[in-house]
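Working notes, structure below.
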Amino acid sequence: MSTYTVPSPAGDRQDLKQAPKQAPKQDLRPDRRRTRWHYDLIGLVTTVLMAFPVYWLVVSSLRPNHEIRSYDQTLWPSSLTFDNFARAVEQENFATAVQSSLIVSVTAVVGGMIIATLAALAIGRFRFFGRKALLMVLILVQMLPPTAMLIPIYAQLNAIGGLDEYWGLIIVYLVSTLPFAIVMIRGFVVNIPVELEESAMVDGCTRMGAFRRVIFPLLAPGLAAASIFALVNAWNEYLFAYILINDNSKYTLNVWLMTFTTERGTDYGALMAASTLIALPVVVFFMIIQKKMAAGLTSGAVKG
C-alpha cells in the first residue's frame, strides 16, 4: 500500500525564497512623450511654413503701395487700407472673369459628378470583362502630369474648333477630374449592400428608382467630397485656361490676374487683393463642409 507524504509548509516557504524575483516593468511613457514632443514640433514648424505665404498674401493686400515696395518689410503693416480691394474690383473684365470661372467650374463639376457616378456604379455593381483593367487605367491616368497632355489636347481642340470656347475648357476640366471621382465614388458603391437595392426592386421600384431612392442618398457624402476636389481643381487651374483661352472677355479669374502687370509695372497691392478675393470663396466653402469631406474620404476608403 503506497503512502502519501504531505509537503511541509517550511519547504514551500523555502522554495518561494529561492525563486528568482521578476524585474520591475520599465515605464516607457517618458520615451513616448519625448518622441511625441518632437513630432509636435515638426508639425508646428510645417504648419507655420505652409501658413506664412497665405498670411503674407492677406497682409500685403491690406498694405499701402508705398509700403509694399519698401525694402523695410514688417510682419504687420503700419497702416491698413482697402484701396487695393477697390482697385481690384474696378479692374477691367473683373465681372466677366467671375462669370467665366463660374460657368466653367460649375458645369465641369456637375457634368463630371454625373458621369463619374454612373461609371462608378457600373464598375462597382456589374461584373464584365476588363473591369479591373479599366480601374487600373483610371489610376494610371490620374498619375500623369497635366503638362504631358497639354500639346495633344491643344491639337485636338484646335482640330474640332474648341479653342477660345467655354466648352473646350469644360471638357478638359471634366475629363481631368473623372479618374479620381470614379475611383472615390466606387468605394462607396461597393460598401452599399446589394440587398438594399434588391429589396427596393422587390417592392416595385425599377432599377433607376432603386438607385434614386436607395443608392443615391447613401452616395451623398462621397459625391460631396469628390465635388470639392473637382471644384478646387477647376477653380484654381491656370495652365490650360491660359493656353486654351485667348479672348480677354472669356478669361477665368486666374488668367485675369495677368492684367495687373502692364508696361508700367505691376500693381502688387491690387494683385494681392484680387488673389485674396479669388481664394476666399473656396476657403470658406471648404471650412463649411470639411467635416463632411473628411467623413466621405474615410467612409469610401474602407473596402474595395
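The values are calculated or read from the model by the stated rules, or taken from the named source; none is laboratory data. The structure presented is a predicted model; accordingly, all values stated were derived computationally and were not measured. Glycine gets a Cβ as well: all are built from the backbone with ideal geometry, and neighbour counts include every protein chain shown. Side chains are part of the model used for accessible areas, which takes the heavy atoms of the whole protein and leaves out ligands, DNA and RNA. Shrake-Rupley method; radii C 1.70, N 1.55, O 1.52, S 1.80 Å.
Computed with a 1.4 Å probe over protein heavy atoms only, the accessible surface of the stretch 143-185 comes to 54 Å² per residue. Per-atom-type breakdown for the stretch 180-228 gives carbon and sulfur 66% of the accessible area (1.4 Å probe, protein chains only). If R0 equals 22 Å, the separation of the Cβ atoms of Ala148 and Tyr238 corresponds to a calculated FRET efficiency of about 0.85. Taken as Cα centroids, the stretch 73-119 and the stretch 145-163 sit 24 Å apart, rounded to the nearest whole angstrom.
The residues of the stretch 65-127 have, on average, 60 Å² of accessible surface per residue, using a 1.4 Å probe with all protein chains present.
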